[in-house]
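The values are calculated or read from the model by the stated rules, or taken from the named source; none is laboratory data. Model, not experiment: these values are computed from the prediction. Heads up, the Cβs are rebuilt from the backbone with ideal geometry, glycines too, and the neighbour counts pull from every protein chain shown. Note: areas computed on protein heavy atoms with side chains; ligands, DNA, RNA excluded. Shrake-Rupley method; radii C 1.70, N 1.55, O 1.52, S 1.80 Å.
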Amino acid sequence: MATSHSIVTIVGSLRKESFTLKIAHALAKLAPASLKLQVTTLHDISFFNQDLEATPPADWLAFRDKLQASNGVLFVTPEYNRSIPGVLKNAIDVGSRPYGKSSFLGKPTGIISNSPGPLGGVSAAKHLQNILPGISGPILGQPEIHLNGVGDAFDERGELTKESLQKVLQQYLEAYAAFVERFNR
Ligand code: FNR
């Protein structure tokens, strides 16, 4: 049987009814057998503060351990004011330290942005592509995926019902699975 790769799937929104969270759950269901997506919200990650670096809080250490134990990282994010939400930047800052020992290093990385609006959160995804090189592993460049109009994509139970979107997610997951395989041989 093929190895199953564990993927920390980071959700960039804290909102209870978050579309981003629903997309992350849909991805976990649609993922091929070779990927096991761990949907990870950021409620428990305290503010990064350089004063605490010598004695890091337990929540920072737990997040770093989780990243280090994974075979890849998948960011699923909304766009806030043409960038990424502050909670996501905070988590990236926490995971990126200590200096030179980022827990994201070497992890094949995917980026999925979304928005109920027309532009699919593309600026948030582009900002991640600016932030991550240097502290992450290789970033999957193609296909790009910026999901627009996600507001009517789910039923009342939060299940993804929009078929066109399911297809796009599936195609992305196939490409990402091959990418993860390449860097976990
Ligand atoms: C937004 N929203 C938004 N949408 C977008 O497409 N581009 C943007 O720049 C912004 N900016 C923005 C800033 C702030 C502070 C908020 C609260 C919202 C709208 C956003 O896409 C919408 O609220 C989503 O529903 C947020 O994602 P979740 O929580 O549904 O995952």
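How big is the antiparallel share of DSSP beta bridges in the chain, given as a percent to the nearest 5? It would help to have the intermediate numbers written out before the result.
Details: 2 of 21 bridges.
Here the share of antiparallel DSSP bridges comes out near 10 percent.
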Inter-centroid distance (Cα atoms) of the stretch 40-82 relative to the stretch 1-35, Å: 16 Å
Carbon and sulfur %, accessible surface of the chain computed with the full protein complex present, 1.4 Å: 53 percent
Given charges at Cβ of Lys, Arg, Asp, Glu: the chain dipole, positive-most of 38, 21, 109: 109
Counting only heavy atoms of protein chains, what accessible area per residue, in Å², does the chain have with a probe of 1.4 Å? 50 Å²
Mean residue ellipticity (222 nm) of the chain, computed from DSSP H runs ≥ 4 via -39,500 (n - 2.57), nearest 500: -11000 deg cm²/dmol
In whole percent, what relative contact order does the chain give with Cα contacts below 8 Å and a gap of six or more residues? 23 percent
Need one value: the accessible area of residue 174 in square angstrom, 1.4 angstrom probe, rounded to the nearest 10. 120 Å²
Considering only protein heavy atoms, what is the solvent-accessible area of residue 89 at a probe of 1.4 Å, reported in Å² to the nearest 10? 80 Å²
Give me the accessible area of residue 167, 1.4 Å probe, in Å² rounded to the nearest 10. 130 Å²
Set of lysines with alpha-carbon distance to residue 22 below 24 Å, sequence-local pairs under 8 removed: 36, 66, 89, 107, 126, 162, 167
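I need the calculated FRET efficiency for the pair residue 174 and residue 130, taking r as the beta carbon distance and R₀ as 35 Å, to the nearest 0.05.
Details: r = 26 Å, r/R0 = 0.75.
After rounding to 0.05, the efficiency reads 0.85.
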